[in-house]
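Written out below as structure tokens is the structure these notes cover.
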Amino acid sequence: MVSLWDYWRRARTPVARFDASGGSSSYAIELTRRAPKISLSAQGAASGTLRISLTWRMRANDLMGGKNHRKLNAWRHPLQLLRPAEVVGHTQGMVDVDFDLACLYELNDGSKGVVQSLGDLLGEFNGPPYLKLSGDDRFGGGSGEVLYANLDHQEEIKRLLVFVYIYDGTPAFDRADVSVTLDAGNGTHVDVPLTDPSPQARSCAVLLLEHEGGDLVARREVRYVYGFQSEIDRLYGWGMAWGRGSKPSRLRR
């Protein structure tokens, strides 16, 4: 018989699942509402290079007419209603949307800022803010979907807020499977799926990294907002001034 204490303790433990993609780690740690945070220090992942990446795929049923398309097919194939929506890779011609990865930072010396493709603010890896945004054209555009954090300088970092935004195109968090992953040099793999999306949201605060009791901790946020960086700033009290920005035609590599 499982006690109430054992049930609560298990619910607060990050979900470990098999990582079928291979690599040096045999499992991935998934942050959920019930298990929202993990100590990177306890995992031995609080030093070296932390790779933060954004992946997203549009759902096939949304690209082909959404629910109405499935209803029409259901008359001929009723069992299709029991099948999950198919996920396919994105190409430029399929949908007018562009998800981008970015990060607000605050250092212990009081300096604050943002690393993002807008305004060509790509950061610096070996100097402050110890973050570097790199282009990733897997989906046909250099939108900057991989962020590298230099955790050898983690003692100089107060907090990092990783967020995803839609710079141009239709709000589509609810029509895509979006995920942010952390990959440390020792093989630790942490996955944060963007669940329960809001249809009209244009941004999502995904993950907060900060120190707790001497440990570097990653905590799931997944909070959707209807505006852009300035709204996320107000939500987390960054206190920065914001203006209009534009995305460069091509990111530096």
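The values are calculated or read from the model by the stated rules, or taken from the named source; none is laboratory data. Bear in mind the structure is a predicted one, so any value in this text is a computation, not a measurement. Positions of Cβ are backbone-derived with ideal geometry, glycine not excepted, and every protein chain shown enters the neighbour counts. The protein model used for the area step is the full one, side chains on, heavy atoms only, and it has no ligands, DNA or RNA in it. Shrake-Rupley method; radii C 1.70, N 1.55, O 1.52, S 1.80 Å.
Worth a mention:
- The single condition among (1) modelled with pLDDT of 90 or more; (2) touching a strand residue (DSSP E or B) at 6+ places or on another chain (Cβ under 8 Å) that residue 234 does not satisfy is (2).
- Within region 103-115, residues that are hydroxyl-bearing (Ser, Thr, Tyr) reach partners that are open to solvent by 40 Å² or more (accessible area, probe 1.4 Å) with beta carbons closer than 8 Å, at six or more positions or on different chains, in the pairs 105/112; 111/128.
Yes/no matrix, rows are residues, columns are (1) of a type outside the set (Lys, Arg); (2) farther than 21 Å from residue 46 by Cβ:
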| site | (1), (2) |
| --- | --- |
| 99 | yes, yes |
| 108 | yes, no |
| 132 | no, no |
| 147 | yes, no |
| 151 | yes, no |
| 156 | yes, no |
| 170 | yes, yes |
| 184 | yes, no |
| 200 | yes, yes |
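- Filtered residue count, region 200-226, keeping only those that are within 17 Å of the chain's Cα centre (by Cα) and either open to solvent by less than 10 Å² (accessible area, probe 1.4 Å) or not aromatic (Phe, Trp, Tyr) (or both): 18
- At least 2 residues being at pLDDT 95 or above is the threshold, and among the strands (runs of 3 or more DSSP E) wholly inside region 26-114 those reaching it are 37-39, 49-58, 97-107.
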